[in-house]
Amino acid sequence: MPAFTYPLAWIAAVTLPALAAIYFLRHRFRRHQVSSLLLWQLHRESREGGRRVEKPQWPMVFFLELLILALLVLAATGPRWQVPHTTRPLIVVLDDSQSMLAGPEGERPRDRAIEKLKELTKERRFRSFQLIAAGTTPRLLGDKARHLRELEDQFEQWTCQAPQARLNAALGLARAMGHQEADLLVLTDEAPARSPGQGHLRWIALGQPRINFAFINAARSVHGAEDRVLLEIANPSALTGTNTLHVVAGTNVLHRETLTLATNKTHRLTFPIAAHTPKLQATLGPDALAGDNEVHLVPAARPLVRVRIAIEDEELRGLVADSLAATGLRALDENPPELVVHQSDSVPTGKEAWGLRWLPAPEEPERFTGPFVMDANHPLTRGLSLPGIVWGGHSGATNAPGYRPVITAGNVPLVTHRPELNGRQQLTLRYVPNHSTLHTTQHWPALFWNLLDWRAQAKPGLREANHRLGLDIAYRPAHDEVVLQKPDGTQQTLQAPGTEIRLPVNLPGVYEVHSGSSTNRMSETFAVNFLAGEESNLAQAVSGDWGKWGTENEIRLEYASILPYLVLLALAIMVWHLACIARQGGRV
Amino acid sequence: MNYRQSLIAGEQMGLRYALALPQATLAGQRGEHLGRRAGSSVDFQDYRDYQPGDDLRHIDWNAYARTDQLTVKLFREEVQPHLDLVLDTSASMALADSPKAQALHQLAALFATAAANARCSHAVWVTGEGFQRVANDTQPPSAWGELSLGGARSFEEAHGLLPPRLRRQGIRIVISDLFWPGDPLPTLRKLTEGAAAVTLVQLLAPSDLEPPKPGNVQLEDSETGETLSLYIDTTIQEQYRKTLQRLQQSWDHAAQQTGAELVTLIADNLQGSLRSLEECRTLEPA
């Protein structure tokens, strides 16, 4: 039974009798008296003799126009027709994790999965194909395809570089796209948590347990004036294995070691390295999975803050300088300042200068012993606690307009904060050292470390230099256009309308990121390493087939739009109509 | 315009013309034109031997004195030529929405006036239940009785019932649309038999020349009332024109065989068509 999307369009059908009326009035028989039918005798005799077919009284173009109008009216109603479908669409969830590349070429689960898919399509017909890669986040590999051969380009994008495969999330997406209609297929190297049984889902695992050594942890962090390197290698295989570890920096071999590890044992290696040592590369010998046999560690990021101390009181100035020096985050240079510690009424100039205004001590300061109330979510109070300290401040003080309290003693604001629209932050501090004990505790440098770290995090660039694949890499650009140079040599230009973006990183290796104008270009190098112990654990890889699809020939009636066919048919008849008119010399 | 006004208009048109007379074959009552036979005019024609009964006043006594033979002088006969106007007054000549009937009246009056200008007598015959004379047809056209158009009989049928009594050696002018079924030759032979000259004037309406425009048309025969429903397109229009052409060719062929002249006139442009009558020497300027 047909259904109509816009049944009111049937009103347009009044054009049909209108057209008939026009033709009737135009083509009805005109009476015409002639002197004699003698000259028409030929036609009369022919008709009576039945040898000649008399032309229809309604010309052909009338019927064509009637048909065109009827088709257009029908098309305007948006007709849909119930048509039987004997095949289902197939949505394939492909495990996009690195473990799908384990093994020699041709025997990798990825290769076997493609072969398996081709094999399945020979056994069973599908209406269409849709591929979803299940990595850290599920992603569509392309548009829906009618034939499997159209998917070759999409298979190219199935790179299997993800540190984990979130198959359940991808299956959720597939089910939403399939509308309870599509057959679902999971091609992976792991067993399902629960066998799917009879229905729409079929789960095929094509993995194989293999011995595999892997880096599961790698870090290069700031350790005073130098960097400290941590490497952790695991053997998550079912058997004891041996492998070799090489650590090189450029052409210098820093470490070489033969590792023999029992099942599920790890080996941790830490060593210091000069901060100026360039990129460091650690490799393991070839094994089943190549992706986890190499890590790169670039020098750790040392974000330092240029601080200017604009305090005239020598004693207080010294206290501030010592406090800043204790954090290790203060740059030697102070121009242009990124943080100004001052006592003036006005905020510091400079679009990058944050301000910490140390309010002058009152003549009769009050000693607060608590309770101190802190904004726990504020960057300044991270890890800070004030038990048993004395804070000398201003009795009866209130916070200035626009400033919100960060630390208070009762209702007396001690530290306040006012963010500005251009991103600068202005802070006030009421602290009288002579009447306080906070600066004699470990919490004092912690407070200043929080302040400088907060300021450093707000600077353009990366926060860390070495990252784990699969985690977000935040970047504060110096310009609204960012160029990302990837390990495979490709470049990607990103638009950064906000103050911070997430860099699209999906391959392990060393990246470069550039932003800023040509005169003030900021370039940074960072490393992304495949460090996923779960994924490197090939002992869990299995082969198997779980779940069954329903019968192929299940017939369903679905509403399908027939509008394009109607319009095409109307166009074809219009062409025929034009041909008829042209043949008759333009007369209807 | 009624028939009388048409006749008067035709009479006025005819004042400019005179009927062209074929000298060689003229015959008629005594009149002002020289006939082909011997007569009583002053023009000497020939001699012949005297025969009893000849007028003694025509004996050439000088010749008798010389030859001792009675010889009679023959003089040219003086005759008055006669025009028989044979009009097809069947219903087709009164075709609705056409100037055919008006043109018929004007043409008849024109020829009668032209005949009078040529000092010819004339008679007017019309079709009906046989051929009949028009009342007062020997008088000027404005005095004629009504030419009753719309007769159910065709020209051929009327001729078969009662043919016109046409004067021998007279001039005959037939005005008709010539839409007669069958071979025109037998009827034309009868019309031309014993005539000094015969002119066939085919008078056609514009609608006789051009078929109706394309579309559904119910054709009605003006004489029989018979109808024919047709869808007319360019092909049928072309066929109609070819059929009309064949009909005219058959008449032209028959006219050549019988020595008649065929002239086709268009009813709505009568004035302009008269030149063709001069060209075929039926009329000449008065």
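The values are calculated or read from the model by the stated rules, or taken from the named source; none is laboratory data. Because the structure is a prediction, the values reported are computed rather than measured. Positions of Cβ are backbone-derived with ideal geometry, glycine not excepted, and every protein chain shown enters the neighbour counts.
For the reader, a short list of remarks on this structure follows.
- Some residue of region B:147-168 being more than 14 Å from every other protein chain (Cβ to nearest Cβ), surrounded by fewer than 20 Cβ atoms within 10 Å (Cβ to Cβ) and among the hydroxyl-bearing types (Ser, Thr, Tyr): yes
- For region A:38-65, filtered to residues that are buried (at least 17 other Cβ atoms within 10 Å of the Cβ) and aliphatic (A, V, I, L, M), the residue that is modelled with the highest pLDDT is A:64.
- Taken over region A:145-167, the criterion of being surrounded by 14 or more Cβ atoms within 10 Å (Cβ to Cβ) and assigned to a helix (DSSP H, G or I) is satisfied by A:148, A:150, A:151, A:154, A:155, A:167.
- Test: residue in region A:316-330 that is without any contact (Cβ under 8 Å) to a residue 12 or more places away in the chain and loosely packed, with under 12 Cβ neighbours inside 10 Å: no
- Contact annotation: residue pairs with Cβ atoms under 7 Å, 6 or more positions apart or on different chains, pairing a residue in region B:131-160 that is under 17 Å from residue B:8 (Cβ atoms) with a partner that is among the acidic types (Asp, Glu), are B:140/B:11; B:141/B:11; B:142/B:11; B:144/B:137.
- All positions within region A:446-477 that are under 23 Å from residue A:352 (Cβ atoms) and assigned to a loop (DSSP other than H, G, I, E, B): A:458, A:459, A:460, A:463, A:464, A:465, A:477
- Criterion violated by residue B:117 - all others in (1) in contact with a helix residue (DSSP H, G or I) (Cβ under 6 Å, 6 or more places away or on another chain); (2) in contact (Cβ under 8 Å) with a residue 40 or more places away in the chain; (3) of a type outside the set (Gly, Ala, Ser) satisfied: (1)
- Elements of type strands (runs of 3 or more DSSP E) in region A:262-327, at least 3 residues being closer than 28 Å to residue A:110 by Cβ: A:280-284, A:294-297
- Search result, residues across region B:255-273 that are farther than 19 Å from residue B:208 by Cβ and either surrounded by 15 or more Cβ atoms within 10 Å (Cβ to Cβ) or in contact with a strand residue (DSSP E or B) (Cβ under 9 Å, 6 or more places away or on another chain) (or both): B:256, B:258, B:259, B:260, B:261
- The set of residues from region B:127-146 being surrounded by 14 or more Cβ atoms within 10 Å (Cβ to Cβ) and not in a loop (DSSP other than H, G, I, E, B) comprises B:132, B:133, B:141, B:142.
- Reported count of residues in region B:258-275, each being part of a helix (DSSP H, G or I) and either in contact (Cβ under 8 Å) with a residue 40 or more places away in the chain or within 14 Å of chain A (Cβ to nearest Cβ) (or both), is 6.
- Scope region B:87-110; condition of a type in the set (Ser, Thr, Tyr) and within 17 Å of residue B:145 (Cβ to Cβ); matching residues: B:89
- Residue A:507 vs. criteria touching a Lys or Arg at 6+ places or on another chain (Cβ under 8 Å), surrounded by fewer than 17 Cβ atoms within 10 Å (Cβ to Cβ) and part of a loop (DSSP other than H, G, I, E, B): yes
- Condition check for residue A:386: surrounded by fewer than 14 Cβ atoms within 10 Å (Cβ to Cβ), on the phi < 0 side of the Ramachandran plot and of a type outside the set (Ser, Thr, Tyr): no
- Condition check for residue A:557: part of a strand (DSSP E or B), surrounded by 17 or more Cβ atoms within 10 Å (Cβ to Cβ) and at pLDDT below 90: no
- Taken as a whole, the structure leaves residue B:199 outside the set of residues that are surrounded by fewer than 19 Cβ atoms within 10 Å (Cβ to Cβ) and of a type in the set (Val, Ile, Thr).
- Of the criteria (1) part of a strand (DSSP E or B); (2) loosely packed, with under 12 Cβ neighbours inside 10 Å, which one residue A:406 fails: (2)
- Residue count for region A:6-29, restricted to those that are loosely packed, with under 14 Cβ neighbours inside 10 Å and away from every other protein chain (no Cβ under 14 Å): 9
- Taken together, B:177, B:208, B:221 contain a single residue that is among the acidic types (Asp, Glu), within 14 Å of the chain's Cα centre (by Cα) and in the same structural domain as residue B:127 (by TED's automatic domain parsing), which is B:177.
- Scanning region B:85-118 for residues that are hydroxyl-bearing (Ser, Thr, Tyr), more than 16 Å from residue B:268 (Cα to Cα) and within 14 Å of chain A (Cβ to nearest Cβ) yields B:89, B:90.
- The number of residues in region A:478-504 that are part of a strand (DSSP E or B) and among the acidic types (Asp, Glu) comes to 1.
- Of the criteria (1) free of Cβ contacts under 8 Å to residues at least 40 places away in the same chain; (2) surrounded by fewer than 14 Cβ atoms within 10 Å (Cβ to Cβ); (3) more than 9 Å from every other protein chain (Cβ to nearest Cβ), which one residue B:183 fails: (1)
- Considering region A:523-554, and only residues there that are part of a strand (DSSP E or B), more than 30 Å from residue A:87 (Cα to Cα) and of a type in the set (Ser, Thr, Tyr), the residue that is modelled with the lowest pLDDT turns out to be A:523.
Conditions (1) more than 22 Å from residue B:283 (Cα to Cα); (2) more than 10 Å from chain A (Cβ to nearest Cβ), marked per residue:
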| position | (1), (2) |
| --- | --- |
| B:187 | yes, yes |
| B:190 | yes, yes |
| B:194 | no, yes |
| B:207 | yes, no |
| B:215 | yes, no |
| B:221 | yes, no |
| B:229 | yes, no |
| B:236 | yes, no |
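- Residue in region B:185-193 that is in contact with a helix residue (DSSP H, G or I) (Cβ under 8 Å, 6 or more places away or on another chain), at positive phi and at pLDDT below 90 present: no
- Any hit, region B:102-109, residues being without any contact (Cβ under 8 Å) to a residue 60 or more places away in the chain, assigned by TED's automatic domain parsing to the domain that holds residue B:270 and either in a helix (DSSP H, G or I) or surrounded by fewer than 24 Cβ atoms within 10 Å (Cβ to Cβ) (or both): no
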